[in-house]
Amino acid sequence: MRVLVLFAHPVETSFHAALHRAMVEALRRAGHEVDDCDLYAESFDPILTREERLRYHDLSVNRRPVETYVERLLRAEALVVMAPVWNFGFPAILKGWFDRVMLPGVSFVLQDGRAYPNLQHIRALTAVVSYGGPRWATMLMGDPPRKLVRRWLGGLIRPRAPVRYLALYDMNRATATDRDVFLTRVVRAAQRL
């Protein structure tokens, strides 16, 4: 399967970077073709410009500024999103990728003013996230990243495709054992993709 891995963390020595390396290696060992999109390493520009917003609904030109990223998304059969959760949301670079790449005609189509999913070629979605705080605090805030993955992204892909959300909560107090257990979960998820 062709897997697009979207990774968003600026520090190559972080635990999330270790999760990313483990995921990519496990996917490759399982025989998947991996397109490893490290948004920071690729210096992805997350800013949706005025011109892009003005041309947002013009299907003849809206892809041009991010054409290579659109092509990578459209080639994928599975999507893996890997990022920390900061301030109850994803890093700006990942949010910017969503804003600039998940365009009309790409991730959805508009018909009579209604949006319909357009990523039917994506047969599996996995998110690997880490939260600095405990789960209760995240739940108190409504856990926006979980909803974004399960409801929005999950709603854009093939109906009934598996959507997995692997979360390590309370990263600020996680022990080496906690991290090892989570790393094992991530590798197993890659093997089951």
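The values are calculated or read from the model by the stated rules, or taken from the named source; none is laboratory data. What you see is a predicted model, and the numbers here were worked out from it, not measured in a lab. As a convention, Cβ positions derive from the backbone with ideal geometry for all residues, glycine included, and neighbour counts pool all protein chains shown. Note: accessible area is taken over every heavy atom of the protein model, side chains too, but ligands, DNA and RNA are not part of it. Shrake-Rupley method; radii C 1.70, N 1.55, O 1.52, S 1.80 Å.
So the values come out like this:
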{"read-out": "Those residues of segment 134-160 which are among the aliphatic types (A, V, I, L, M), in contact (Cβ under 8 Å) with a residue 12 or more places away in the chain and open to solvent by 20 Å² or more (accessible area, probe 1.4 Å), in sequence order", "value": "MET141, LEU148"}
{"read-out": "Boolean, LEU19 is closer than 23 Å to PRO145 by Cα and not basic (Lys, Arg)", "value": "yes"}
{"read-out": "Residue ID - nearest to GLY142 (Cα to Cα), chosen from residues in segment 104-115 that are open to solvent by 60 Å² or more (accessible area, probe 1.4 Å) and in a loop (DSSP other than H, G, I, E, B)", "value": "GLY113"}
{"read-out": "Any hit, segment 83-90, residues being under 30 Å from MET141 (Cβ atoms), surrounded by fewer than 17 Cβ atoms within 10 Å (Cβ to Cβ) and in contact with a helix residue (DSSP H, G or I) (Cβ under 7 Å, 6 or more places away or on another chain)", "value": "yes"}
{"read-out": "The one condition in (1) free of Cβ contacts under 8 Å to residues at least 24 places away in the same chain; (2) closer than 28 Å to PHE44 by Cα that ASN118 fails to fulfil", "value": "(1)"}
{"read-out": "Among the residues listed as ALA76, ALA17, ALA22, the single one being touching a helix residue (DSSP H, G or I) at 6+ places or on another chain (Cβ under 9 Å), among the small types (Gly, Ala, Ser) and open to solvent by less than 60 Å² (accessible area, probe 1.4 Å)", "value": "ALA22"}
{"read-out": "Matching option when the condition is at pLDDT 95 or above and of a type in the set (Gly, Ala, Ser), among GLY113, GLY133, GLY142, GLY155", "value": "GLY155"}
{"read-out": "Test: residue in segment 164-171 that is over 15 Å from VAL5 (Cα atoms), at pLDDT below 95, of a type in the set (A, V, I, L, M) and not in a helix (DSSP H, G or I)", "value": "no"}
{"read-out": "Some residue of segment 117-131 being out of contact with any strand residue (DSSP E or B) (no Cβ under 8 Å at 6 or more places or on another chain) and either among the small types (Gly, Ala, Ser) or open to solvent by less than 40 Å² (accessible area, probe 1.4 Å) (or both)", "value": "no"}
{"read-out": "Enumeration of residues in segment 47-103 that are over 27 Å from LEU27 (Cβ atoms), assigned to a helix (DSSP H, G or I) and in contact (Cβ under 8 Å) with a residue 40 or more places away in the chain", "value": "GLU52"}
